[in-house]
Amino acid sequence: MTANPPLLAVEQLTVSFRSGRRESPAVEDVSFTLDAGETLAIVGESGSGKSVTSLAVMRLIPDPPGRINAGRILLNGKDLLALNDSDMQRIRGNDIAMIFQEPMTSLNPVMTVGTQIAESVRLHQGRNTAEARQHALDMLRRVQMPSPEQRLDQYPHELSGGMRQRIVIAMALACNPMLLIADEPTTALDVTVQAQVLDLMRTIRSELDAGVLLVTHDLGVVAEMADRVLVFYAGRVVESAPVRSLMRRPRHPYTLGLLGAMPRLSTRGGTRHERLLEIPGNVPPPGSRGPGCYFAPRCAYATQECRDAQPPLEEKHAGHLAACWHSDELEEPA
Amino acid sequence: MSSLLEVRGLSRHFRAKAGIVGRLTGQRDDLLRAVDGVDLDIAAGETLGLVGESGCGKSTVGRCILRLERPDAGTVVLDGRDLAGLSDGQMRSLRKDVQIVFQDPMASLNPRRSVGSAVAEPLMNFGMTGTRLREAVADLFARVGLGRDQIDRFPHEFSGGQRQRLGIARALGLRPRLIVLDEPVSALDVSVQAQIINLLIDLQQEFGIAYLFIAHDLAVVEHISHRVAVMYLGKVVETAPTATLYRAPQHPYTKALLAAVPVDDPDDSRNRVILQGDLPSPSNPPSGCRFRTRCPLADPYCAEKEPPLVAADEEQHAVACHYASTGPLPQNTSA
């Protein structure tokens, strides 16, 4: 490690949501770092806290009902949680940009595509209208939009899902952000269009040298895009490792279970018409979690120790962390 | 092979109305050919996977088989009877042979009624009452892995995976010969998805039900299907036994689709063929072969003549492409 701070450092972040009189944690004690030029994937199932974590970095947690209870979020060493709203507004869009799953939710249906892309450079970089429009056109070319001149004056509903996601990416990149947060960027897309968008994201990542925080549930997308991976379960990080190390030799039973539950193409080692490995049961809702490991009720390796005490996230192997008392007993995935 | 279900020449067209501005400027309504001449066969106890991207017409095929849509042309023959020609009343009695499970089970459950009554409803429609009905519902709950104590609960008390179990219990009640499964696991998390896929495989083995499994996830479809049909813009472009389709696909679209699936191996070094462009609009499909606008093999002949679905070398394998071959697909040069 060098003396320079990492691009992004999240330290002991805890976020909770209030419903009625009860406050339940959505994210508990999450820490990680991300360097420039690196892609860190956050994987987990619904309710694991992966999206809440990415929204917290943007300070977009709706408050109320949400609240960041503890922790620090450092961008180049500067604590974002200590900023006032207008300073944070300057960082959003300028230094940090975000891409969501459903492009239509981040596009204004009554504004042309060109105006929307130009808006961010006008606001953040103070360019005039003509310059901004030219910049918007350049951005459309950069995201390999077919017939870009014509697209500038079209409305979002006139475009396909894949093209809309390109527009959102163009908007995100308009101010050359140093951190790009992509929350399920290809989940709503068809597989052939997903391949195009992933390809585009790879190209852009190498051009920008930005850090990418990729939130996804798809381990295939993780393997294609990520350098390192955080596995979330019930609001906590249960495993953190370089992507190869994680896929080859997961050290947490939940990660092992996810890999086993995923159907694979037979040309890629899958088996046809056999039972998939199941993880029995469901993710425990916040509030019904015991003092021990949250995964224990669904875990084949669980012992009394697991039910009594939360295992710490510890290094099990160079750069490979897991929160499990039984990491050494896990078998390698089939 | 004798078929339980035989679909021939199935077509379903929708009229996409021109808006008020369109009509004032003399624009005509568009005819959207969602399904355009589809043939399918499913044997008793068999799973046919139907794959394709959004808008290819795969769900409409399923809905036409159940007569939730009335087909514009073609026949749907179940066990020798043509469903397409039946009146609604006649169709009702046949519904016990064909059932459907949707992607979002919440949309098919009444939030104000207990889940037990939702599962009981089809049984009551066919005259079951009293203790027999209660026993049958309890059996169904047990069979899909739900507890007897959950019968009187309401839909919002169930997780996504449990709701899908309810959807399956409800479809299973009348002991149908065929269940149309329309994206049954695509809204579920991967650990729960595995539970539902396993349940479907178990139920098929126990009851010998045939499935039409409609999905966009190629790995899931391969896992569960005996045979697979690939659709593109309202037409079947390739159909084959699962092992053949995935090991030796012949249609360029099938090859591209398989190449686009992300694989959980960071060292995977496939020569990825990335298809250019998006699916064209089904209201204005390209002339000739509908895939030609995105196909790396297309030439002027493909624009002229539509390739028919013809038998390939192997048994039960059919492809609709003038240049079908088992070789790898060349990378698209235009970008």
* Between segment A:293-330 and segment A:33-76, what is the C-alpha centre distance in whole Å? -> 23
* Could you give P(r) for segment B:194-335, binned at 5 Å from zero, as whole percent values over all Cα-Cα pairs? -> 2, 9, 17, 20, 20, 15, 9, 6, 3, 1, 0
* Structure fact -> Note on the protein assembly as shown: alpha-carbon gyration tensor, axes a ≥ b ≥ c; rule is a/c under 1.5 for rounded, else prolate if a/b larger than b/c, else oblate; result oblate
* To do: Just list whichever of A:50/B:235; B:17/B:96; A:316/B:255; B:17/B:235; A:50/B:58; B:17/B:255 have alpha carbons separated by over 30 Å in the model shown.
  => A:50/B:235; B:17/B:96; A:316/B:255; A:50/B:58; B:17/B:255
* **Distance in nm between pseudo-label sites at residue B:87 and residue A:22 (7 Å out along the Cβ direction from Cα)** => 5.5
* Interface A:B - total buried accessible surface [probe 1.4 Å, Å², rounded to 100] -> 4100
* **Relative contact order [Cα under 8 Å, 6+ residues apart], segment A:24-170, whole percent** => 19
* Asked: Using +1 on the beta carbon of Lys and Arg, -1 on that of Asp and Glu, and nothing else charged, what's the dipole of chain A about the Cα centre, debye to 20?
  -> 340
* Asked: Over chain B, what is the mean sequence separation of C-alpha contacts under 8 Å (at least six apart), divided by residue count, expressed as relative contact order in percent?
  -> 19
* To do: Once every Cα of segment A:88-161 carries one equal point scatterer and solvent is ignored, give the base-10 log of I(q)/I(0) from the Debye formula at q = 0.22, 0.23 Å⁻¹, two decimals.
  => -1.12, -1.21
* Calculate, for the protein assembly as shown, the solvent-accessible area per residue in square angstrom, rolling a 1.4 angstrom probe over the heavy atoms of the protein chains. => 43
* Asked: What nm distance separates the two modelled labels at residue A:267 and residue A:199, each placed 7 Å from Cα along Cα→Cβ?
  -> 1.6
* Sum up the charges of everything whose Cβ sits under 12 Å from the Cβ of residue B:279, counting Lys and Arg as +1 and Asp and Glu as -1, but leave residue B:279 out. => -1
* To do: Place +1 on the Cβ of every Lys and Arg and -1 on the Cβ of every Asp and Glu in the protein assembly as shown, take the dipole about the Cα centre, and give the residue among A:312, B:316, B:151 whose Cα lies farthest towards its positive end.
  => B:151
* **In Hz, Karplus ³J(HN,Hα) per residue of segment A:318-326 (6.51, -1.76, 1.60; θ = phi - 60°; x = Gly, Pro)** => 3, x, 10, 10, 8, 10, 7, 6, 10
* To do: Would you tally the net charge around residue A:145, using a Cβ to Cβ cut-off of less than 9 Å, leaving residue A:145 out, and scoring K and R as +1, D and E as -1?
  => +4
* Structure fact -> Rounded to the nearest 10 degrees, the helix A:129-142 long axis (Cα) sits at an angle to the longest Cα principal axis of chain A of 50
* Asked: In deg cm²/dmol and to the nearest 500, what is the mean residue ellipticity at 222 nm of the protein assembly as shown if only DSSP H runs of at least 4 residues count, each as -39500 (n - 2.57), divided by the residue total?
  -> -9000 deg cm²/dmol
* Mean separation of Cα contacts under 8 Å, 6 or more apart, over the residue count of segment B:1-56: relative contact order % -> 45
* To do: Hand me the trypsin sites (Lys or Arg not before Pro) from segment B:95-129 located in a DSSP loop with no more than 16 other Cβ atoms within 10 Å, in residue order please.
  => B:96, B:112, B:113
* Magnitude of the charge dipole, segment A:1-160, Cβ model with Lys/Arg +1 and Asp/Glu -1, debye to 20 -> 260
* Structure fact -> Between residue A:63 and residue B:305, the two model label points (7 Å from Cα along the beta-carbon direction) sit apart by a distance in nm of 6.9
* Structure fact -> Exposed-loop cut sites defined as GluC sites (Glu not before Pro) in DSSP loop states with at most 13 other Cβ within 10 angstrom; longest site-free run of chain A spans A:1-273
* **R0 of 45 Å, Cβ-Cβ distance residue A:176-residue B:287: FRET efficiency to nearest 0.05** => 0.55
* Among A:107, A:145, A:25, flag the residue with its Cα farthest along the positive direction of the charge dipole of segment A:1-156, charges on Cβ as +1 for Lys/Arg and -1 for Asp/Glu. => A:107
* Structure fact -> If every Lys and Arg gets +1 and every Asp and Glu gets -1 at its Cβ, then about the Cα centre segment B:1-113 yields a dipole, in debye to the nearest 20, of 660
* Among B:14, B:172, B:62, which residue has its Cα positioned farthest towards the positive end of the charge dipole of the protein assembly as shown, with +1 placed on the Cβ of Lys and Arg, -1 on the Cβ of Asp and Glu, and the dipole taken about the Cα centre? -> B:14
* Measure off, as a whole percent, the carbon and sulfur share of the 1.4 Å-probe accessible area of the protein assembly as shown, all protein chains present. => 49
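The values are calculated or read from the model by the stated rules, or taken from the named source; none is laboratory data. Everything quoted here is computed from the prediction, not taken from an experiment. Every residue, glycine among them, receives a Cβ derived from its backbone with ideal geometry; neighbour counts consider all protein chains shown. Heads up: the accessible areas ignore ligands, DNA and RNA and are worked out on the full protein's heavy atoms, side chains in. Shrake-Rupley method; radii C 1.70, N 1.55, O 1.52, S 1.80 Å.
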